[in-house]
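Chemist: First, the structure itself, so that you have it in front of you.
The values are calculated or read from the model by the stated rules, or taken from the named source; none is laboratory data. Nothing here was measured: the structure is a model prediction, and the numbers come from that model. Virtual Cβ from ideal backbone geometry, glycine too; neighbours counted across all protein chains shown.
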Amino acid sequence: MLNFFALALSLCVLASLHQVNALGQTRCVDFNSSTSTFAVVQGGNAAPILLAEDEWPGVQRAASDFAVDVERVTGVKPSVLNASTSSTSSSSRPIIIGTLGKSSLIDQVINATQLDVSAVEGAWEAFMGTEVENPLPGVDSAYVIVGADKRGTIFALYDLSEQFGVSPWYWWADVPVKKHSELFITPNGCAHGSPSVQYRGIFINDEQPGLTNWALEKFTNGTGALHTGSPFNHFFYAKLFELILRMKANYLWPAMWGSAFNVDDAENQPLADMFGVVLGTSHEEPWPAQSPSNGTYSVKETGIILQTPSLSTNVPLGEDTNIELLERIISDQRQILTDVYNGTDIRTIPQVWTLYKEVQGFYEDGMMAPDDVALLWSDDNWGNIRRFPLESERNRSGGSGVYYHPQRPGDNKNNCAQGYSCPVPTLTLDNFDPFANRYVDIGAGGPTPFTFTVSANVSWLKFSTTQGSISPDRSEQRVWISVGDWDQLEGGDIAAKITFAASATAAPGLTLQMRNMSVAVDFVATKNNVPAGNAKFTGFVEDGGAIAFEAAHASRNNPVQGIRWTEIPGLGRTLSGITPWPRSGADGANFTAGSGPSVEYDFLNFNTISESGNITVITYESPSLNGNGNDRPLGFAVQVDDLAIQSSYFMPPAAPGQLPSVWNDFVANSIVPVTMTFEGVEPGTHTLKIFMIEPAVVVQRVVIDTGGLKQSYFGPPESVQW
């Protein structure tokens with residue numbers, strides 16, 4: 001079974017500049033010596049690196065990179081030696097590197113020491129590292145790195161480099177290297193099993209003009225390839241292949257706008273095989289050929305033959321709007337592959353079908369692909385999966401994959417919610433919050449300095465300052481206003497008047513009236529007394545005609561069948577989100593309204609929208625598509641006390657291959673408000689419940705309007721919780 005994960009890169013390569021451990025890796029390096037650490041660099045001396053002469057060229061190249069990485073960190077470069085068993089005597093403890101079944105040096109170590117390599121033997125891209133005593137004649141001790149295959153050995157080296165402090169993006173993003181004088185490997189060594197996703201890589205997509213023009217300047221003399229004009233030669237791909245491997249990826253769809261990987265540079269494909277990068281053939285758009293099909297097929301067959309010399313390639317399948325014709329074309333393409341590869345069982349040749357936009361529509365309209373073809377599911381260009389493989393699709397021998405578009409030309413807003421690629425603001429104002437905070441800004445209407453005082457006709461008001469001055473050096477001042485003593489207030493609405501008096505005594509050109517002015521501001525405080533019988537209440541309390549709370553701050557969490565609402569920190573516009581977890585059952589368990597896992601929120605309201613006791617409940621969800629298909633739309637249910645349960649299926653269905661009509665607004669805001677009205681919720685204490693119906697729903701926060709809710713994007717700040 002094949003598993004794919006691909007990222008589509010267009011105009012730029014995106015990088016995280018933060019230094020972190022390799023993905024999923026336990027830290028296995030140190031910068032301080034102990035009795036049990038292995039010294040890579042100590043006292044200005046570096047451990048030599050030994051490889052067999054018969055090792056993969058790609059591993060030998062990565063070993064040279066590793067030596068340079070050590071030098072980048074410490075200033076000391078290890079020697080890299082192609083050693084035979086008769087020339088391994090060393091006064092230093094070396095690092096021995098090799099691939100199982102390929103390196104005669106590793107074979108010798110295993111035979112001499114009975115080193116247990118069962119953890120990686122036969123595994124895809126796995127590696128291990130450990131210190132071994134007397135591994136070779138004349139060598140007392142060595143740190144031995146064993147890769148299960150070529151990429152396993154390469155990943156072992158780049159894993160150490162990254163933990164030493166060399167970012168995979170050191171060249172592409174100029175990430176600086178943190179210097180250390182000494183490097184050590186911890187006693188447990190470094191190891192990693194097979195990755196759960198078999199193929200992981202990038203797709204260079206829509207690279208014109210940004211990447212193309214940059215590569216033309218960086219890697220050519222200003223002239224591209226003879227037949228295509230493409231700048232994507234082996235100098236460019238050498239840098240890209242290295243990045244892919246440093247990122248523990250293994251897969252590439254090469255540039256395709258006016259480019260042909262094998263024609264642009266005859267060294268491209270052999271270089272990819274040497275590095276150990278698997279190539280997918282480009283997904284070129286359908287060609288509306290007018291010539292007979294046999295002529296078109298002969299071109300395809302020639303292309304397949306040209307790719308045959310290199311070992312690692314997979315082949316995309318075509319597209320058209322005629323489903324019956326498409327299925328016949330795919331069948332013919334598979335026959336071409338069988339013929340070119342000398343009768344090889346077609347099921348053993350990796351093939352992938354990318355279900356993007358209209359192609360997903362063909363599939364959902366009934367087009368079938370052979371079981372051994374991997375289905376590659378796509379995102380919506382905003383990082384949201386359009387659809388998940390269903391249970392009936394997850395057992396395909398070809399497996400499944402997913403690819404994302406981190407950047408798309410012309411759609412920088414797609415990444416704006418994540419905090420980058422946003423348009424440069426032309427004007428930035430202070431955040432305006434219509435809730436909770438009350439203040440008055442005092443400023444000058446001209447150049448004349450003046451002083452001011454603040455007073456009120458009641459004693460229960462509190463001001464951040466009662467006097468101040470405005471001058472050219474201090475052009476404005478904010479006065480915060482709050483209730484200082486609630487005990488002085490009776491229940492209900494209590495009005496007060498605040499007077500701001502200004503005096504400009506040093507302004508002889510102004511009239512007396514203009515030099516002494518005052519402005520009155522009305523202030524209303526509302527004191528709500530807790531209804532009788534609710535003295536022991538705990539929960540969220542109404543303020544300003546509304547109640548707001550974060551979804552993660554539930555009073556109670558009620559699991560069902562082992563599924564409970566679980567917080568996802570940071571996944572929310574104001575705090576976080578909650579989602580039913582774990583996923584279980586076929587395509588994730590689902591429930592009828594009111595029977596699934598629930599969260600409860602206790603609240604106290606003093607008002608209602610109308611005399612009949614209406615309240616409006618607004619839940620804020622994260623935008624997600626109906627990933628389990630239109631017959632399983634995203635849904636949840638809400639109940640207040642014992643009132644009728646209300647369900648919401650907030651994401652409307654979409655035509656095959658399309659997105660819902662409301663999607664662009666939802667995803668751009670990164671939040672979806674869902675409104676429900678409940679009647680008969682009189683002032684007092686109540687409980688609101690949210691029930692799971694479908695998985696993949698993420699609730700961020702809840703707002704209850706009791707008659708005073710003001711317009712805002714995300715609702716008021718979280719209410720006081722008693």
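Chemist: Which residues, taken from region 219-266, are in contact with a Pro (Cβ under 8 Å, 6 or more places away or on another chain), in a helix (DSSP H, G or I) and closer than 26 Å to VAL166 by Cα?
Modeler: PHE219, TYR237, LEU243, ARG246, listed by residue number.
Chemist: Go through (1) exposed (fewer than 10 other Cβ atoms within 10 Å of the Cβ); (2) modelled with pLDDT of 70 or more one by one and return the number of the condition LEU427 breaks.
Modeler: (2)
Chemist: Continuing with this model, one more query. Restricted to region 248-264, and to residues that are buried (at least 20 other Cβ atoms within 10 Å of the Cβ) and out of contact with any Phe, Trp or Tyr (no Cβ under 7 Å at 6 or more places or on another chain), which residue is modelled with the highest pLDDT?
Modeler: So, considering only residues that are buried (at least 20 other Cβ atoms within 10 Å of the Cβ) and out of contact with any Phe, Trp or Tyr (no Cβ under 7 Å at 6 or more places or on another chain), the one modelled with the highest pLDDT is ALA249.
Chemist: Every residue in region 134-164 that is of a type in the set (Asp, Glu) and modelled with pLDDT of 95 or more, please. Break it down into steps so the answer makes sense when it comes.
Modeler: First, the residues of region 134-164 that are of a type in the set (Asp, Glu): 140, 149, 159, 162.
Correct list: ASP149, ASP159, GLU162.
Chemist: Hey, another quick one. From the list SER291, SER310, SER331, which residue is among the small types (Gly, Ala, Ser) and either modelled with pLDDT of 55 or more or in a strand (DSSP E or B) (or both)?
Modeler: From the options SER291, SER310, SER331, the qualifying one is SER331.
Chemist: Could you check how many residues of region 541-569 are in contact with a strand residue (DSSP E or B) (Cβ under 6 Å, 6 or more places away or on another chain), surrounded by fewer than 19 Cβ atoms within 10 Å (Cβ to Cβ) and part of a loop (DSSP other than H, G, I, E, B)?
Modeler: Of the residues in region 541-569, 1 are in contact with a strand residue (DSSP E or B) (Cβ under 6 Å, 6 or more places away or on another chain), surrounded by fewer than 19 Cβ atoms within 10 Å (Cβ to Cβ) and part of a loop (DSSP other than H, G, I, E, B).
Chemist: Right, here's the next one. Which residue out of ALA63, ALA123 is assigned to a loop (DSSP other than H, G, I, E, B), modelled with pLDDT of 95 or more and surrounded by 18 or more Cβ atoms within 10 Å (Cβ to Cβ)?
Modeler: ALA123
Chemist: Among residues belonging to region 632-647 that are surrounded by fewer than 19 Cβ atoms within 10 Å (Cβ to Cβ) and of a type in the set (Gly, Ala, Ser), point out the one that is nearest to PRO569 (Cα to Cα).
Modeler: Per the stated criteria, the residue is SER647.
Chemist: Given the structure, is LEU337 modelled with pLDDT of 85 or more, within 30 Å of ALA668 (Cβ to Cβ) and of a type in the set (A, V, I, L, M, F, W, C)? Can you show your working first?
Modeler: Working: modelled with pLDDT of 85 or more: yes; within 30 Å of ALA668 (Cβ to Cβ): no; of a type in the set (A, V, I, L, M, F, W, C): yes.
No; evaluated as a whole, the condition is false for this residue.
Chemist: Only residues that are touching a Phe, Trp or Tyr at 6+ places or on another chain (Cβ under 7 Å) and under 27 Å from ASP149 (Cβ atoms): list them for region 196-234, please.
Modeler: Within region 196-234, VAL197, GLN198, TYR199, ARG200, GLY201, PHE203, ILE204 qualify.
Chemist: Give the number of residues within region 139-178 that are over 18 Å from GLU71 (Cβ atoms), in contact with an Asp or Glu (Cβ under 8 Å, 6 or more places away or on another chain) and hydrophobic (A, V, I, L, M, F, W, C).
Modeler: 4
Chemist: Right, another one. If a residue must be touching a residue at least 24 places away in the same chain (Cβ under 8 Å) and either acidic (Asp, Glu) or on the phi > 0 side of the Ramachandran plot (or both), how many such residues does region 131-152 contain?
Modeler: Total satisfying the criteria: 4.
Chemist: Only one of (1) outside any strand (DSSP E or B); (2) touching a residue at least 24 places away in the same chain (Cβ under 8 Å) is not met by TYR620, so which one is it?
Modeler: The failed condition is (1).
Chemist: Let me ask you something else. Of the residues THR153, THR130, only one is polar (S, T, N, Q) and farther than 12 Å from ILE95 by Cα; which?
Modeler: Every option except THR153 fails the conditions.
Chemist: Next question, about the same structure. Would you check which residues across region 333-355 are touching a residue at least 40 places away in the same chain (Cβ under 8 Å) and surrounded by fewer than 19 Cβ atoms within 10 Å (Cβ to Cβ) and list them?
Modeler: ARG347
Chemist: Just the residues that are over 27 Å from THR538 (Cβ atoms) and crowded, with 18+ Cβ neighbours inside 10 Å, please, taken from region 594-631.
Modeler: SER622, PRO623, SER624, LEU625, ASN626, GLY627, ASN628, listed by residue number.
Chemist: Shifting gears a bit: Filter region 157-187 down to the residues that are polar (S, T, N, Q) and over 23 Å from the mean Cα position of the chain (by Cα), then identify the one that is surrounded by the most Cβ atoms within 10 Å (Cβ to Cβ).
Modeler: Within region 157-187, the match that is surrounded by the most Cβ atoms within 10 Å (Cβ to Cβ) is SER161.
Chemist: Follow-up. Does PHE155 qualify as being assigned by TED's automatic domain parsing to the domain that holds ALA63, touching a residue at least 60 places away in the same chain (Cβ under 8 Å), under 27 Å from ALA112 (Cβ atoms) and hydrophobic (A, V, I, L, M, F, W, C)?
Modeler: yes
Chemist: Out of (1) over 21 Å from THR579 (Cα atoms); (2) in the same structural domain as LEU604 (by TED's automatic domain parsing), what's the single condition that is false for PRO716?
Modeler: PRO716 satisfies every listed condition except (2).
Chemist: Now for a different question. In region 440-459, what count of residues is obtained for those that are modelled with pLDDT of 90 or more and surrounded by fewer than 16 Cβ atoms within 10 Å (Cβ to Cβ)?
Modeler: 6
Chemist: State which residue pairs qualify: first residue more than 15 Å from ALA39 (Cα to Cα) and outside the structural domain of GLU242 (by TED's automatic domain parsing) and inside region 66-88, second residue modelled with pLDDT of 95 or more and of a type in the set (Phe, Trp, Tyr) in any location, beta carbons under 7 Å apart, and separation of 6 or more residues or different chains.
Modeler: Close Cβ pairs (under 7 Å, with a partner that is modelled with pLDDT of 95 or more and of a type in the set (Phe, Trp, Tyr)) amount to ASP69/PHE164.
Chemist: Pick out the one residue from ASN607, ASN628 that is assigned to a loop (DSSP other than H, G, I, E, B) and within 25 Å of PRO559 (Cβ to Cβ).
Modeler: ASN628 is the lone residue from the list that is assigned to a loop (DSSP other than H, G, I, E, B) and within 25 Å of PRO559 (Cβ to Cβ).
Chemist: Still on this model: Residues in region 667-713 that are in contact with a Pro (Cβ under 8 Å, 6 or more places away or on another chain), part of a loop (DSSP other than H, G, I, E, B), more than 26 Å from ARG583 (Cβ to Cβ) and of a type in the set (A, V, I, L, M): how many?
Modeler: 1
Chemist: So is GLU133 outside any strand (DSSP E or B) and either in contact with a Lys or Arg (Cβ under 7 Å, 6 or more places away or on another chain) or not hydroxyl-bearing (Ser, Thr, Tyr) (or both) or not?
Modeler: Working: outside any strand (DSSP E or B): no; either in contact with a Lys or Arg (Cβ under 7 Å, 6 or more places away or on another chain) or not hydroxyl-bearing (Ser, Thr, Tyr) (or both): yes.
The answer is no for GLU133.
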